[in-house]
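Participant: Handing you this structure, nothing more for now.
Where a number appears in this text, it was derived from the coordinates with a stated rule and is not lab data. Computed from a predicted model, the values in this text were never measured in an experiment. Quick reminder, even Gly has a Cβ in these numbers, built from the backbone with ideal geometry, and neighbours come from all protein chains shown.
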Amino acid sequence: MSSAPSRPLFGLRSFRAKFVLVVGAAVLFDLVLSGGLALWNVQRLSRDAALEVGQGLTTATQDYLRSYAEATVTEANLLIDRVHADVGVLSGVLQSQIDDPSRRDAVGRALAQAGPTSTDVVYDAQGGWAQNLRPSPSVVSVWGYLLDGSHLPRSDVQKEIEDSAVLDLVAPSLLASGAPKLQMYFIGPKERPIFRTAPYTDQAQTFDRLYPGHNTSSFWTFFFPGIYESWQDWIADPASRPTDSFLTQTAPYTDAITGKLIVSFFQPLWTRDRTGIAGVAGTDITLDQLASIVERVKIAQTGFGFLAMSNGNVVAINPRGEGVIGLVSSKGSSGQGVTGVERSLRTAMQPAIASLRLDENDGEIQHITLEEHGESVPYIIVLKRLQPTNLWTMGPIQRETMSVGIVVPEREIYASLITAQNGILLATNRILLYQIGAIILSLLLVFVAVLSVSKRITGGLSALADAAARLQAKDYSVRVKVPTRDEVGEVGLAFNRMAAEMSFHTENLARLVDERTHELENANQEISGLNEKLRSENLRLGAELDIARQIQMMVLPRPLELESVPELDIAAYMRPADEVGGDYYDVLEDDGRLKIGIGDVTGHGLQSGVLMLMVQSIARALQEAGETDPRRFLDQLNRAIYKNLERTNSDKHLSLAFLDYENSNITLSGQHEEIVIIRGDGAIERIDTIDLGLPVGLERDITPFIATREIRFESGDVILLYTDGITEAENARRIMFGIERLCESAFRHRLGNAEEIKAGIVADVMAHIDGCKIHDDITLVVVRHR
């Protein structure tokens, strides 16, 4: 009997071969597809995370650089404004002397008697000039061509010496307060250019040593050629001034007395009829004060700042920054009196610096490349312009706008970004390697399992069907028992192994997901650390805003100013809603004339606070300049503010009203909130200012809208000036304090003095608010006629 022919193990019709081919191909496809999708998702997640982090850090970094540059410019502008204010005070005193000859003569005689060393000069035969002796608060030098045949000052020159002695009263106080100043001085007109300087120094002796020939030359032509002629042109045509101010500053130059680099600020004084120049008030500050602002700039590890004039001359930079941008210093020389240091961007060794345009890209981020040790290094630079000034540099006065530059290597400013991106890339690469290894290992295990179980594939078809149903329900613990050893049995064993492998892969994939999640958490922690650094920087910027608020509060009227008019009792209160407020009030007194101002800038914060400081400075200047007409006063103030807002591209404006008091009469002008008057008999009057003006800074010319109203202000009467921060103060139920409550509060406290009335009203407002957030600046001025 012949035996049946044996079947080949892997014949084409073999069930085992078919099983291996079908199952192996299916599992291979599944692993390749799922693995490929996993790899694609990981790469996309890595790309999206890197892009999101990069965009966020880049935006935050650029905003930080712009804010830093803006804060540096603001600090420099504030220093210059403080110096301008001090010069304005000195020039105001000297101009008032010129405008009132009888008072000027009386003051001159009194000072000559009280301090003869301030007005008596002694001839120096060696130098050919005359000078007063110590001790004296100031030194006055009289050049040889101003002396007569007896070596005494001509009569008109001696008169100038006595008239200028008032500097001894004013300069010491100004030197001890406000912005630090090297010296303050008065220089006479071209016909009598005596030079009086406080504090006392060996002035003429130093000039002899440093400037041979000066004693026989015209002072203004020798030291400052062109400056005097520019001022004379301004008298004939005020519109010819480069800026709206008469104040003029010099480019940095070497001081004859101290040898330091200084900047001089001049305010010309006018003759009584305003047709000529009666002299100059001035002050000097060392360049160290401006330089320290930019030399303190510290961005990242090696970032630095510089201060440059519009012609490219760098007046302030730290030594390392000078080397980085390739500046070359050269000492200017001249046969005349002032010399400066030239470090021009135009002659810098770095081409990218030499081609910088200071008149463009104000506040914009620029990317440049600098050469360092034979390597091209990317840098970021931000240029921000200061407020324009009148500048003299050996010729006619010109408009000047200096710029602050912030320079920082890109690799330092973006160091955190590069670190985060590298971390994400490393984590992604690790995940990809693990995923590829898992796929390869899975393929090997699947093929081994298929080959090992194919021998028992033919047993237990029913058990396999039940087990397959459970497996479909994701019960990977199912196993099938096939007692036979035929092909069905082999299928049963293969099924059991496949189920075990699927359970293994499921657990393995879960582990891989956990690992990727952990690595992404680490990346998130790095991002959180970067956010913490940005939060710290915001705290620093908040501290700078607090400094700005303190500066704003410093310019408010002092108690002595509020007591300047004996018949009036004045008290004031101001509380900003933010670090820097936008409310304005001031009490200006000049030669018996009293002007009280109240205003409210739209919005609040730093920009509104700066506008308030502009208003205060301009109002003070107009008052000191002797402008007594309320309509002209308000019109000139509006024109100056409108031009400043137009230059800064700001949409701010403010309501503003002034009260001019004289002999129990008040002249009211300007548009603001209602004026509340509590008469001595208890009657309350409310005066609407809507028809007395127009918001300041809204239109260039508001003259057609300005009107005045006369108010009788007698003994026992009380006037309230306020901003809408009081009437619109809300409690928890969103109920405003209102004008009626303000009038009721004032009526209850009307019998007290001004301070008591103010304190009572403020207490009532705070009680109404009851701890709720203050949304607007609060300002209150109480004026009581004694």
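Participant: Classify the range 618-695 as rounded, prolate or oblate, taking a ≥ b ≥ c as the square roots of the eigenvalues of its Cα gyration tensor: rounded when a/c is under 1.5, otherwise prolate if a/b is larger than b/c and oblate if not.
Facilitator: Note, shape of the range 618-695 comes out oblate.
Participant: Still on this structure, please answer the following. Between the range 664-712 and the range 356-408, how many Å separate their Cα centres?
Facilitator: 46 Å
Participant: Suppose the chain between E699 and T517 were pulled fully straight at 0.36 nm per residue; how much longer would it get relative to their current alpha carbon spacing?
Facilitator: 59.4 nm
Participant: Can you list which of the trypsin sites (Lys or Arg not before Pro) found in the range 341-379 are DSSP loop residues with at most 12 other C-beta atoms within 10 Å?
Facilitator: Those that pass, being in a loop and sparsely packed, are R357.
Participant: Where a ≥ b ≥ c are the square roots of the eigenvalues of the C-alpha gyration tensor, would you call the range 557-785 rounded, which needs a/c under 1.5, or, failing that, prolate if a/b is larger than b/c, or oblate?
Facilitator: oblate
Participant: Which angle from 0 to 90°, rounded to the nearest 10, does the C-alpha axis of helix 101-114 make with the longest principal axis of the chain?
Facilitator: Taking the Cα atoms of the chain, the angle to 101-114 is about 90 degrees.
Participant: Next question, about the same structure. With everything on Cα atoms, drop me the angle between helix 487-554 and the longest principal axis of the chain, reported from 0 to 90° to the nearest 10.
Facilitator: Tilt relative to the chain: about 0 degrees.
Participant: While we're looking at this one, here's another question. When you count, for each residue, the other Cβ atoms within 10 Å and take the mean per peptide, how do 712-719, 597-604 rank with the highest first?
Facilitator: Packing order, densest peptide first, comes out as 597-604, 712-719.
Participant: Taking the alpha-carbon distance from K190 and a cut-off under 20 Å, which lysines remain once sequence neighbours fewer than 8 residues away in the same chain are dropped?
Facilitator: K159
Participant: Whole-Å semi-axes of the chain's equivalent ellipsoid, largest first, each the root of 5 times a Cα gyration tensor eigenvalue?
Facilitator: Each semi-axis is √(5λ); the values are 82, 39, 18 Å.
Participant: Further, regarding this structure: Say each of A236 and T369 gets a label point 7 Å from the Cα, pointing the same way as Cα to Cβ; how far apart are those two points in nm?
Facilitator: Distance between the two pseudo-spin positions: 5.4 nm.
Participant: Roughly what angle does helix 461-472 make with the longest principal axis of the chain, taking Cα atoms, 0 to 90 degrees, to the nearest 10?
Facilitator: That helix lies at roughly 10 degrees to the long axis.
Participant: Also, I was wondering about something else. Would you mind calculating the relative contact order of the range 557-785 from Cα pairs under 8 angstrom and at least 6 residues apart, reporting the percent as a whole number?
Facilitator: Relative CO of the range 557-785 lands at 24 percent.
Participant: Rounded to the nearest 5, what % of the DSSP beta bridges within the chain are antiparallel ones?
Facilitator: So the antiparallel bridges in the chain amount to around 95 percent.
Participant: Can I ask one more? How do the peptides 123-132, 608-617, 768-777 rank, highest first, by the average count of neighbouring beta carbon atoms within 10 Å per residue?
Facilitator: Per-residue mean Cβ counts within 10 Å order the peptides as 608-617, 123-132, 768-777.
Participant: Amide H of V480: which non-local residues (sequence gap of 5 or more, or other chain) have their own amide H closer than 5 Å, using H built in the peptide plane?
Facilitator: Here the answer is N496, since their amide H atoms fall under 5 Å of that of V480.
Participant: What list do you get for K474, K260 if you sort them by fewest beta carbons within 10 Å? Before the final figure, lay out each step's value.
Facilitator: Values: K474 9, K260 14.
With the fewest neighbours first, K474, K260 line up as K474, K260.
Participant: Here's a follow-up. So what's the gap between the Cα centers of the range 203-228 and the range 586-642, to the nearest angstrom?
Facilitator: Between the Cα centre of the range 203-228 and that of the range 586-642, the gap is 39 Å.
Participant: Expressed in nm to one decimal, what extension gain is obtained for the pair R411 and D148 from 0.36 nm per residue of sequence separation less their Cα-Cα distance? Numbers along the way, then the final one.
Facilitator: Details: separation 263, 0.36 × 263 = 94.68 nm, distance 7.02 nm.
Taking R411 through D148 to full extension adds about 87.7 nm, to one decimal.
Participant: Further, regarding this structure: Lys and Arg at +1, Asp and Glu at -1: add these up for the other residues within a Cβ distance under 11 Å of Q158 and post the number.
Facilitator: Values: positive: R154, K159, R192; negative: D120, D148, D156, E160, E162, D163.
Surrounding charge for Q158 is -3.
Participant: Further, regarding this structure: From the residues Y414, I368, N638, which one has its Cα farthest along the dipole of the chain in the positive direction, the dipole being from +1 and -1 charges on Cβ of Lys/Arg and Asp/Glu about the Cα centre?
Facilitator: In the chain, that residue is Y414.
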